[in-house]
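Below: one structure, written as structure tokens.
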Amino acid sequence: MKNIRRVVISLLILAMLVIIFYIATSTITKYTGYSISEKTDKTQEFKSCLNEKNIVVYVNTNDVSKTLKDLKTTDYLEGIKIFNCNEDNEFCNKNKIVGPFPVWEVNNNRVYSDISLEELQTLSECKL
């Protein structure tokens, strides 16, 4: 009789642990899992939209990677054309692209400074 009682108690404890684990993982997934995937989807849609707009960022530097990391929108540069006027100064002069750098060209508008994510959304008409 004692062995049956121990087995039943062990099974009840195991069932309680499984239920607690299920509730805990369900709660964690609810607050982290879904929001991360939705944000990733929106981020990818935003990057695709930016890519379709043919946006160009003109910089004038010896270290392009450092300059791009310093931009406010560095996480969203995938698909945006980057042109270094330091390497082809003649092209920039001919097209009247002069400092201060960076120069953003979005929807035929030029902005002669770094722009925020909000400004990029407004100028490009792409929403995040």
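The set of residues in the range 98-128 that are modelled with pLDDT of 90 or more and part of a loop (DSSP other than H, G, I, E, B) comprises Phe101, Pro102, Tyr112, Ser113, Asp114, Ile115, Ser116, Glu125. The single condition from (1) in contact with a strand residue (DSSP E or B) (Cβ under 8 Å, 6 or more places away or on another chain); (2) hydroxyl-bearing (Ser, Thr, Tyr); (3) assigned to a helix (DSSP H, G or I) that Thr61 fails is (3).
Do we find a residue being β-branched (Val, Ile, Thr), touching a Cys at 6+ places or on another chain (Cβ under 9 Å), assigned to a loop (DSSP other than H, G, I, E, B) and modelled with pLDDT under 90 anywhere in the range 76-83? Within the range 76-83 (the criterion being β-branched (Val, Ile, Thr), touching a Cys at 6+ places or on another chain (Cβ under 9 Å), assigned to a loop (DSSP other than H, G, I, E, B) and modelled with pLDDT under 90), the answer is no, since none of the residues qualifies. Restricting the first member to the range 110-128 and to residues that are touching a residue at least 24 places away in the same chain (Cβ under 8 Å), and the second to residues that are in a loop (DSSP other than H, G, I, E, B) and hydroxyl-bearing (Ser, Thr, Tyr), the beta-carbon pairs closer than 6 Å and six or more apart or on different chains are Leu117/Thr73; Leu120/Thr73.
Here Thr43, Thr32, Thr67 are screened, and the one residue that is of a type in the set (Val, Ile, Thr), outside any strand (DSSP E or B) and without any contact (Cβ under 8 Å) to a residue 24 or more places away in the chain is Thr32. Residue check: Ile55 meets all listed conditions (1) within 16 Å of Lys127 (Cα to Cα); (2) in contact with an Asp or Glu (Cβ under 8 Å, 6 or more places away or on another chain); (3) without any contact (Cβ under 8 Å) to a residue 60 or more places away in the chain but one, namely (3).
The values are calculated or read from the model by the stated rules, or taken from the named source; none is laboratory data. Because the structure is a prediction, the values reported are computed rather than measured. Every residue, glycine among them, receives a Cβ derived from its backbone with ideal geometry; neighbour counts consider all protein chains shown.
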